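Worksheet: one structure, shown below.
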């Protein structure tokens, strides 16, 4: 099928010019014409000077006096109005060039959300379409001024890079919108927690899909996002259209970090209810409740490996001869005993013993993940 082309002239004439030519042809002055169409002289003068538009009602009156169809005058007006609108659109794109430069456009294009282009105005237009807005000022109102609190009750104004962060949040909205809507069921969500933990332990090759499927049955949408430049964030949770949305990034590309982040966000959903708050893990200057973050951390910690269990493991390691093979053996034994994954134990050891060289060899034992 051939592509559709349409002519878009780079100029347009106000219908008042055509009216002026017709009146000169008829040797009729504006005052006489105004009397004949039953309109004030000022109204006709404004049309002749391009200051006012021709309405359908006026077009019909013109038809009666001039014998030129109302559709002709309306078409002339429509063409001119469209031209003016497009000129304003061009100026809007011009004004948005500096705004567009602040976003990680290249990375967003690599992810397939915008067209890969170097043209400044095209980038502005692509970003406006991506955010589903008509002009850059709308982005500012949504993400910096909280003009649409239905999304979340925070401003990104004091974060290090609100532009990149808003990209991440918008990707979450887009991907969550592709998923089926099922009512949130808190009881069901609590029931699937042990199932999710077993998926973690078994290292299913399709664990990402299984998490999404089980969580969706409870009305929770889980979205995976490639980590963005200048956005040091592991996870986000918020509510959109009565559904909690959990967004996990592959920031560290570590299996243990992924699972801790997932259960951390699940903790927010279960502990903190249907709030319009948004919880952004590890983002500074966001005016969130540190107390709630700590509660979510404890939820994930207790479910994956409690403090008491961790202390038992460390005690066993300290009582051993502390060779790498022995330490790994102890970790694997306790992973089976406590029904968790060895990486959860290793991650906890590395987190609490950052300065101890004797545990540095454990880093190479960590399982890697990558969102593709």
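The values are calculated or read from the model by the stated rules, or taken from the named source; none is laboratory data. Because the structure is a prediction, the values reported are computed rather than measured. Ideal geometry is used to build each Cβ from the backbone, glycine not excepted, and the neighbour counts take in all protein chains shown.
For the range 167-181, what are the residues that are assigned to a helix (DSSP H, G or I) and surrounded by fewer than 16 Cβ atoms within 10 Å (Cβ to Cβ)?
First, the residues of the range 167-181 that are assigned to a helix (DSSP H, G or I): 167-177.
Matches in the range 167-181: 174, 177.
For every residue, the table says whether it meets (1) crowded, with 18+ Cβ neighbours inside 10 Å; (2) more than 16 Å from residue 197 (Cα to Cα).
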| site | (1), (2) |
| --- | --- |
| 299 | yes, no |
| 305 | yes, no |
| 308 | no, yes |
| 320 | no, yes |
| 330 | yes, yes |
| 336 | no, no |
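Table: residues versus (1) more than 20 Å from residue 214 (Cα to Cα); (2) touching a strand residue (DSSP E or B) at 6+ places or on another chain (Cβ under 7 Å); (3) not in a helix (DSSP H, G or I).
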site	(1), (2), (3)
247	no, yes, yes
252	yes, no, yes
262	no, yes, no
267	no, no, no
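One residue is enough: does the range 103-116 have a residue meeting the conditions touching a helix residue (DSSP H, G or I) at 6+ places or on another chain (Cβ under 9 Å) and closer than 30 Å to residue 52 by Cα? Show your work before the answer.
Residues of the range 103-116 that are touching a helix residue (DSSP H, G or I) at 6+ places or on another chain (Cβ under 9 Å), as a first pass: 103-105, 107-109, 111, 113-116.
Going one step further and asking which of them are closer than 30 Å to residue 52 by Cα, we end up with none.
No, the range 103-116 has no match at all.
Step by step: first the residues of the range 338-372, then only those that are in a loop (DSSP other than H, G, I, E, B), more than 37 Å from the chain's Cα centre (by Cα) and free of Cβ contacts under 8 Å to residues at least 24 places away in the same chain, then the one that is surrounded by the most Cβ atoms within 10 Å (Cβ to Cβ). Which residue is that?
Step one: filter the range 338-372 for residues in a loop (DSSP other than H, G, I, E, B), giving 338-341, 353-356, 366-367, 369-372.
Then drop every residue that is not more than 37 Å from the chain's Cα centre (by Cα), which leaves 338, 355-356.
Right, trim to free of Cβ contacts under 8 Å to residues at least 24 places away in the same chain and you get 355-356.
On the way: 355: 5, 356: 10.
It comes out as 356.
A quick yes/no check of all residues on (1) assigned to a loop (DSSP other than H, G, I, E, B); (2) modelled with pLDDT under 95; (3) closer than 30 Å to residue 117 by Cβ:
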| residue | (1), (2), (3) |
| --- | --- |
| 5 | yes, yes, yes |
| 10 | yes, yes, yes |
| 51 | yes, yes, no |
| 62 | no, no, no |
| 78 | no, yes, no |
| 88 | no, yes, yes |
| 91 | no, yes, yes |
| 94 | no, yes, yes |
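In the range 84-109, how many are surrounded by 17 or more Cβ atoms within 10 Å (Cβ to Cβ) and more than 27 Å from residue 231 (Cα to Cα)?
Qualifying residue count, the range 84-109: 1.
I'm trying to understand the selection: among the residues of the range 302-334, which are part of a helix (DSSP H, G or I), under 39 Å from the mean Cα position of the chain (by Cα) and in contact (Cβ under 8 Å) with a residue 12 or more places away in the chain?
Matches in the range 302-334: 303, 304, 309, 310.
Could you pull out the residue among 224, 184 that is in a loop (DSSP other than H, G, I, E, B), within 25 Å of residue 302 (Cα to Cα) and at pLDDT 90 or above?
Working: 224 fails: in a loop (DSSP other than H, G, I, E, B).
Result of the check over 224, 184: 184.
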